[in-house]
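*Asks:* Just dropping this structure here.
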């Protein structure tokens, strides 16, 4: 049984030393590129820098994109995304695989970090008077030909496409309410004030939007 | 949040981040203690975080990686350094192989290289297996913890059932019929008061789940109503509520159940759905 030969939690490092797994060879990177997110996180918990490099390459654009969607500012998004990855390296134990998928946890950390930044810098007030919910399309270019991008795995791409389809299937006003809450960090009261709608209407839109999103994604699966 | 459970709607609102800070804090505190609500909220959070995947994809600046590595205290070997490291390792390996070949004169360099590659591949496989098994082990550990928690919950439920049974059998208990004003409901209910255990039980059937509202139990004493807490029915419409009779109450003239907004009301405001009359609870 392989486990018997590697019983220690520090086994990754203990074994890697004699065969020089810590060296940044292409073979090592390639083998880790096949590991699941959860296995990479275990390796990162054992200070495996190559595992971190693989996870970084796998998700950096996604984290940056979500940060940008919240902050609408390239520099702020870059700072926020950096913090997410530094935390991923310094505190990998905060991800607990039994509680859910890695990508969900990563999105949660990314969103919370960006929204904190948004609130801390008082940018929300500025946005409420401007293009709230519709981020400024600034200098950073959107991906061209995303599906062919080798940096992102096919499964993640498929999932992103499914979520986009699901969101497109939701009535516009419900989708706007969900996005204002998630990406702009607005409470129901704030959304109601921004949209000049009654609070009850906003609550209903969020409830129906989440129901529809849940149903649609379940059907997709 | 009290003893009532979080609704799917509340879980969704929490997960998408649309609740005011006080309610968000209340839910966070509740799910820290309530495993069933925690599961509901986790599912909702997983769904809400899918919204993040829909952000238009942008290419992260290449310089970011360097910044991340620096801030994380990591070192990124330069291409030249990597090449030097690999060359040095290769030179050392070659020297060993040549020495072996010189001594034995029989083993080919290619054979040695293949063996080393095989050994390396075997070790890599073992590492992968070990990592996978650690993940599985962690999952099994969590399952064991869940099972232990479920057993503790069952033990607690068994204890409360035993206490109710004792109250039903005790000659010192009052078991009273609970009636609904009007005939709009077919609910039946009982109120059990046990003088020895100083506890009240309220049970009723065919109650409706009321999002945004809650059932609240009140005792009338000296012309005033005192809240005895809130409760909600399960999915089948059955409710069983239990509490210790507050020491400050000298007695009860009657007990009623009302429907109140939100998580309950400090004063009786909502419509009465059940009442118990001619109730003689405790010394007056």
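The values are calculated or read from the model by the stated rules, or taken from the named source; none is laboratory data. Source: prediction; values computed, not measured. Cβ coordinates were reconstructed from backbone atoms using ideal geometry, including for glycine residues, and neighbour counts include every protein chain displayed.
*Asks:* Of B:126, B:149, which residue is closer than 22 Å to residue A:97 by Cβ and in contact (Cβ under 8 Å) with a residue 40 or more places away in the chain?
*Replies:* Answer to the check: B:149.
*Asks:* Give region A:70-92 a look and list any residue that's at the interface with another protein chain (Cβ under 7 Å from one of its Cβ atoms) and touching a helix residue (DSSP H, G or I) at 6+ places or on another chain (Cβ under 8 Å), or say none.
*Replies:* Initial filter on region A:70-92 (at the interface with another protein chain (Cβ under 7 Å from one of its Cβ atoms)): A:78, A:81-82, A:85-86, A:89-90.
The answer is A:78, A:81, A:82, A:85, A:86, A:89.
*Asks:* So, in region A:164-174, exactly how many residues are crowded, with 18+ Cβ neighbours inside 10 Å and not in a helix (DSSP H, G or I)?
*Replies:* Here the count works out to 1.
*Asks:* Of all the residues that make up region B:204-220, how many are assigned to a strand (DSSP E or B) and either touching a helix residue (DSSP H, G or I) at 6+ places or on another chain (Cβ under 9 Å) or touching a residue at least 60 places away in the same chain (Cβ under 8 Å) (or both)?
*Replies:* 3
*Asks:* Does region A:93-101 include one or more residues that are modelled with pLDDT of 90 or more, closer than 18 Å to residue B:61 by Cβ and either surrounded by 21 or more Cβ atoms within 10 Å (Cβ to Cβ) or more than 12 Å from the chain's Cα centre (by Cα) (or both)?
*Replies:* There is no residue in region A:93-101 that is modelled with pLDDT of 90 or more, closer than 18 Å to residue B:61 by Cβ and either surrounded by 21 or more Cβ atoms within 10 Å (Cβ to Cβ) or more than 12 Å from the chain's Cα centre (by Cα) (or both).
*Asks:* Determine whether residue A:118 is surrounded by 14 or more Cβ atoms within 10 Å (Cβ to Cβ), modelled with pLDDT of 55 or more and either in the same structural domain as residue A:39 (by TED's automatic domain parsing) or closer than 24 Å to residue A:33 by Cβ (or both).
*Replies:* Spelling it out, residue A:118 is indeed surrounded by 14 or more Cβ atoms within 10 Å (Cβ to Cβ), modelled with pLDDT of 55 or more and either in the same structural domain as residue A:39 (by TED's automatic domain parsing) or closer than 24 Å to residue A:33 by Cβ (or both).
*Asks:* Give the number of residues within region A:175-221 that are farther than 19 Å from residue B:41 by Cα and surrounded by fewer than 16 Cβ atoms within 10 Å (Cβ to Cβ).
*Replies:* So the answer is 11.
*Asks:* Output the residue which, of all residues in region A:175-185 that are more than 7 Å from chain B (Cβ to nearest Cβ) and assigned to a loop (DSSP other than H, G, I, E, B), is nearest to residue A:69 (Cα to Cα).
*Replies:* A:183
*Asks:* If you don't mind, another one. When you look at residue B:174, is it in contact with a helix residue (DSSP H, G or I) (Cβ under 7 Å, 6 or more places away or on another chain), under 30 Å from residue B:272 (Cα atoms) and more than 14 Å from chain A (Cβ to nearest Cβ), yes or no?
*Replies:* no
*Asks:* Taking only pairs six or more apart or across chains, which ones have beta-carbon atoms under 6 Å, a first residue in region A:28-55 that is within 8 Å of chain B (Cβ to nearest Cβ), and a second residue that is surrounded by fewer than 23 Cβ atoms within 10 Å (Cβ to Cβ) and part of a loop (DSSP other than H, G, I, E, B)?
*Replies:* A:49/B:74
*Asks:* Is there any pair with a first residue in region B:14-34 that is at positive phi and a second that is assigned to a loop (DSSP other than H, G, I, E, B) whose Cβ atoms are under 7 Å apart and which are 6 or more apart or on different chains, and what are they?
*Replies:* The qualifying pairs are B:17/A:185.
*Asks:* Tally time: how many residues in region A:186-201 are more than 8 Å from every other protein chain (Cβ to nearest Cβ) and over 22 Å from residue A:66 (Cβ atoms)?
*Replies:* 9
*Asks:* Consider residue B:138 carefully, then state whether it is under 26 Å from the mean Cα position of the chain (by Cα) and more than 9 Å from chain A (Cβ to nearest Cβ).
*Replies:* no
*Asks:* Would you check if there is a residue in region B:128-151 being within 18 Å of residue B:232 (Cα to Cα) and surrounded by 11 or more Cβ atoms within 10 Å (Cβ to Cβ)?
*Replies:* Within region B:128-151, none of the residues are within 18 Å of residue B:232 (Cα to Cα) and surrounded by 11 or more Cβ atoms within 10 Å (Cβ to Cβ).
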